[in-house]
Every structure is written in C-alpha cells, then in structure tokens.
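Worksheet: one structure, shown below.
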Amino acid sequence: MRVKQKTVLKPEEALLKFIKKDWKLIVGDSIALKCFPADFKNESLFICSDPGSVQRELASLKPAIMFEIRERYKTRIRTIEIS
C-alpha cells in the first residue's frame, strides 16, 4: 500500500492561495471579475488584469489592497505590480 505524501507549501505559496480564495472580499466583486492575483514573491503581489481602465482603478486601490492584505493575513507586503 502506498502512503500519500502531504504537499508542504512555502509561506508565500500558502499566502497566495489564501489571497486567491478571498480575492472578491479583498477587491470587490466587479474588480475581481477583471483581474486575479498571479504571484506573491519577496513581499510583492503580482496582479494580472485586463488592460485599460481596470489597471488604472487597481493602481488607485493599491494602498487599500495592501492594507486589507496586511490586516487580514498579518503579513508584510511592500508593493503591488499590475500587468
């Protein structure tokens, strides 16, 4: 009988998984439909989004998104990169 090994996530991978799960709560339903958190490395969140107005809206929301992530997950986040 084979024993199934448990996958251990790195802290940044685990954090990204939680951010993805809660994305609608973090940015709101309408914005969440147009973008997603793609990666979290070196205290930076990388967001992929539709080009144009949603990128400008995300840029204006960076401080609020960073505050929400800090408060919700008690973690450090330095920057948000949008592409």
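Just so you know, all these numbers are worked out from the coordinates, no wet-lab data involved. This structure is a prediction, so every number in the text was calculated from the model and none was measured. Quick reminder, even Gly has a Cβ in these numbers, built from the backbone with ideal geometry, and neighbours come from all protein chains shown.
Structure above, values below:
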| quantity | calculated |
| --- | --- |
| Fraction of antiparallel bridges per DSSP, the chain only, in percent to nearest 5 | 60 percent |
| Exceeding the 19 Å Cα-Cα cut-off - candidates Lys20/Lys74; Lys4/Lys41; Lys6/Lys41; Lys17/Lys41 | Lys4/Lys41; Lys6/Lys41 |
| Spin-label model distance (nm) - Glu71 vs Lys34, 7 Å beyond Cα toward Cβ | 2.3 nm |
| With Cα atoms, 0 to 90° folded angle of helix 53-73 axis to the chain main axis | 50 degrees |
| Stokes-Einstein diffusion coefficient of the stretch 17-82, Kirkwood radius over Cα pairs, 25 °C, 0.890 mPa s, in µm²/s | 209 µm²/s |
| Förster-model FRET efficiency, 30 Å R0, Leu9 and Ala59, C-beta, rounded to 0.05 | 0.55 |
